[in-house]
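Chemist: One structure, as structure tokens, below. Some questions next.
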Amino acid sequence: MAYDLFQSTFLMSWAANDIADASGSAQALTDLLSVALSGGTAPNGSSWPGFFANTRSQLVADDFNVSWGPRVCLAANQSSGYAANAMYVAYSPSLNTYVVAIAATNPDSVYDWIDEDGDVAPEYMAPFPVPVPFVRSAHLPPLPEVPHVSAATALGISNLMQMSSGSQSLLAYLQSRDPSGASLIFTGHSLAGALSPTLALQIWTALSAAGSPWQASQIKVLPTAGATPGNLGFAASFRERFPATPGGTQTPAYANWNVDHWNQADIVPYAWNLLGNTISANLDSTTYDSIYGVMEAPIGSPFNDAVAAAIVLATPGFYTRISDALAYPAFSVAAGYYQWTQNSDGSFAYPPVWTALPTYDLSNPITTADQLGLQFYAGHIDEYLSYFNVAPPPKMPKAAPSQG
């Protein structure tokens, strides 16, 4: 049975991350992502059909293919390294629908963690629309009603806006398309859960200023696990142009556009205005209640301190979620993750095995960093697959593991 448009869009955002652990030049990584999406020779030398060939029978339409990109950029001034940002556009002629899929935080990129995730101090926030190229500079914290985004988000938007495929930026590509009867969807997870709504509004603002026939009503956003990108003024501007379904009335819950879909057991979307809800000390301070369950003090205390420091870092930025946390509360699914087995030739056994995680309560608290790390991973990654009720797509083979 085919997935619906929401599920299909989510999987396309997932596919933007397929080369996160690879290292090389921007062009080499771009070529590798093209193989991951559209097929070619995998890193282990085998023939790889690509994401779209592998999922064609499951997607809402069987004629989605890459129509712009993919493009990958590295951290500033790097000639080789891990991908900092990646993006591509898929198009379905039968649906007349474009999907702009943006990659999440690359776990191997220090640049992503520090510059594109953590740079949220109010004195470095950027006015919106983001100036391109974005140059970070210090100033007084902006008034809450004047639209601003974090320097982290601004840097990511600047990187995406400067990407070019076939000599066309994303903006130029969209300007060259006939928008008659078309839909344009922006999507991404984690870092891209902040970038996708911001890029949608940035692109729409530029299209509107250029007199493009694209209409705001044709543009939708499906962000997941996104930290809050900007302040009250930015959130208001986003909601005005891309209104969400009132009160999350669509069912299933994921079938709502223009809201950040977030897991209550995932700390990332609590940033940067709900972090205080993620952990609290019990009366005797020997244990801590958290979104991941009960923690013993040696784990809970430093976690609590890190949360407190993050709250101070973002204050007073007046960060405001693009979707109301009361109207669109965090979802809850069974805690667990997928275990993948890599074969001797570098390929991966499919399907992976779903592994449930224990409940951590007073009788079974979190006592190790490994336990907390697995909870963080599951809550931020695989539990979103469960929420959208989709299976993870097959993984592209890697180079065969070294022997001995």
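Chemist: Students often get this wrong: which residues of region 350-394 have the backbone nitrogen under 19 Å from the point 7 angstrom along Cα-to-C-beta of SER57?
Modeler: It comes to 350-352, 390-394, nothing else.
Chemist: Continuing with the same structure: Averaged over all directions, how much area does the convex hull of the C-alpha atoms of region 147-281 cover when projected, in nm²? Let's see the in-between values first.
Modeler: On the way: hull surface 37.9 nm².
Averaging across all directions leaves 9.5 nm² for the Cα convex hull.
Chemist: Taking the dipole about the Cα centre of the chain, with the C-beta of Lys and Arg at +1 and of Asp and Glu at -1, give me whichever of TYR270, SER344, PRO213 is farthest to the positive side.
Modeler: Projecting each Cα onto the dipole axis, the largest value belongs to PRO213.
Chemist: Based on the alpha-carbon set only, what is the convex hull volume of the chain divided per residue, in Å³? Don't jump to the answer; show the numbers that get you there.
Modeler: Numbers: hull volume 61.5 nm³, N = 404.
Per residue, the Cα convex hull of the chain comes to 152 Å³.
Chemist: Which number comes out as Rg/Rh for region 90-140 once both Rg and the Kirkwood Rh are worked out on C-alpha atoms? Mind dumping the intermediate values first?
Modeler: Working: Rg = 16.2 Å, Rh = 14.0 Å.
Ratio value, two decimals: 1.16.
Chemist: Which whole-Hz ³J(HN,Hα) couplings does region 311-321 yield from phi under the Karplus relation 6.51 cos²θ - 1.76 cosθ + 1.60, θ = phi - 60°, glycine and proline marked x?
Modeler: 4, 5, 4, 8, 9, x, x, 6, 4, 9, 4
Chemist: Which length gain, in nm to one decimal place, applies between ASN282 and THR367 when the Cα-Cα distance is subtracted from 0.36 nm times their residue separation? Write out the running numbers ahead of the final one.
Modeler: Working: separation 85, 0.36 × 85 = 30.60 nm, distance 1.56 nm.
Stretched fully, the ASN282-THR367 segment lengthens by 29.0 nm.
Chemist: Thinking of region 301-350 as a set of Cα atoms, what percent of all their pairs are more than 13 Å apart? Walk me through the intermediate numbers first.
Modeler: Working: 948 of 1225 pairs.
Cα-Cα pairs in region 301-350 separated by more than 13 Å: 77 percent.
Chemist: Shifting gears a bit: Build a GNM of the chain with springs between Cα atoms under 10 Å: which of ILE157, ILE102, ILE114 gets the top mean-square fluctuation?
Modeler: So, out of ILE157, ILE102, ILE114, the one fluctuating most is ILE114.
Chemist: So, one more: Taking H placed 1.01 Å from N in the peptide plane, check which residues at least 5 places from SER190 or on another chain put their amide H under 5 Å from its amide H.
Modeler: For SER190, whose amide H was placed from the backbone, the distant partners under 5 Å are THR224, ALA225, GLY226.
Chemist: A further question on this structure: Go through ASN159, ALA182, THR367 and say which Cα lies farthest out towards the positive end of the charge dipole of region 5-387; charges sit on Cβ, +1 for Lys and Arg, -1 for Asp and Glu.
Modeler: Most positive-ward Cα: ALA182.
Chemist: How would you rank LEU59, LEU171, LEU374, going from fewest to most other Cβ atoms within 10 Å of each one's own Cβ? Please list the in-between numbers first.
Modeler: Details: LEU59 23, LEU171 16, LEU374 19.
Ranking LEU59, LEU171, LEU374 by Cβ neighbours within 10 Å, fewest first, gives LEU171, LEU374, LEU59.
Chemist: What's log10 of I(q)/I(0) for region 271-394 at q = 0.10, 0.18, 0.21, 0.23 Å⁻¹, Debye sum over Cα points only, no solvent?
Modeler: -0.42, -1.08, -1.23, -1.32
Chemist: Oh, and also: Under a GNM of the chain (C-alpha, springs under 10 Å), which listed residue has the highest mean-square fluctuation: SER196, SER217, SER92?
Modeler: SER217
Chemist: Averaging over every viewing direction, what projected area does the convex hull of the Cα atoms of region 126-216 cover, in nm²? Provide the component values of the computation, followed by the final result.
Modeler: Working: hull surface 27.1 nm².
Mean projected area for region 126-216: 6.8 nm², to one decimal.
Chemist: Using θ = phi - 60° and the Karplus relation 6.51 cos²θ - 1.76 cosθ + 1.60, list the HN-Hα couplings for region 121-128 in order, rounded to whole Hz, with x at every Gly or Pro.
Modeler: 4, x, 6, 10, 4, 9, x, 10
Chemist: Report, by chain and number, residues whose modeled amide H sits under 5 Å from the one on TRP272, excluding near sequence neighbours (fewer than 5 apart, same chain).
Modeler: THR228
Chemist: Which residue, ASP21, ASP305, ASP115, has the most motion in a Gaussian network model of the chain that connects Cα atoms within less than 10 Å?
Modeler: With Cα springs under 10 Å in the chain, the top fluctuation among ASP21, ASP305, ASP115 is at ASP305.
Chemist: What number, rounded to the nearest 500 deg cm²/dmol, is the helix-based mean residue ellipticity at 222 nm of the chain, given -39500 (n - 2.57) per DSSP H run of at least four residues and division by all its residues? List each step's numbers first, then the result.
Modeler: On the way: 10 runs with 111 residues, N = 404.
That calculation yields -8500 deg cm²/dmol at 222 nm.
Chemist: List, in order, the whole-Hz ³J(HN,Hα) value for each residue of region 340-345 obtained from phi through the Karplus relation with A = 6.51, B = -1.76, C = 1.60 and θ = phi - 60°; use x for Gly and Pro.
Modeler: 9, 10, 8, 7, 5, 8
Chemist: May I pose another question? Collect residues whose amide H, placed 1.01 Å from N in the peptide plane, falls under 5 Å from the amide H of MET125; neighbours closer than 5 in sequence don't count.
Modeler: Residues meeting the criterion, in which the H sits 1.01 Å from N, are ALA151.
Chemist: Compute the label zone of ASP345 within region 11-47: residues whose backbone N is under 14 Å from the point 7 Å along Cα-to-Cβ.
Modeler: Of the residues in region 11-47, 42-47 have backbone N under 14 Å from the label point off ASP345.
Chemist: With +1 on each Lys and Arg Cβ and -1 on each Asp and Glu Cβ, and nothing else charged, work out how big the dipole of the chain is about its Cα centre, in Debye to the nearest 20. Display every interim value, and only then the final one.
Modeler: Values: 10 positive and 28 negative charges, 207 e Å.
Using only the charged Cβ atoms, the result is roughly 1000 debye.
Laboratory data are not the source of any read-out in this text; all were calculated from the coordinates shown. These figures come from a predicted structure and were not determined experimentally. Don't worry about glycine lacking a Cβ; one is built from the backbone with ideal geometry, like all the others, and counts go over all protein chains shown.
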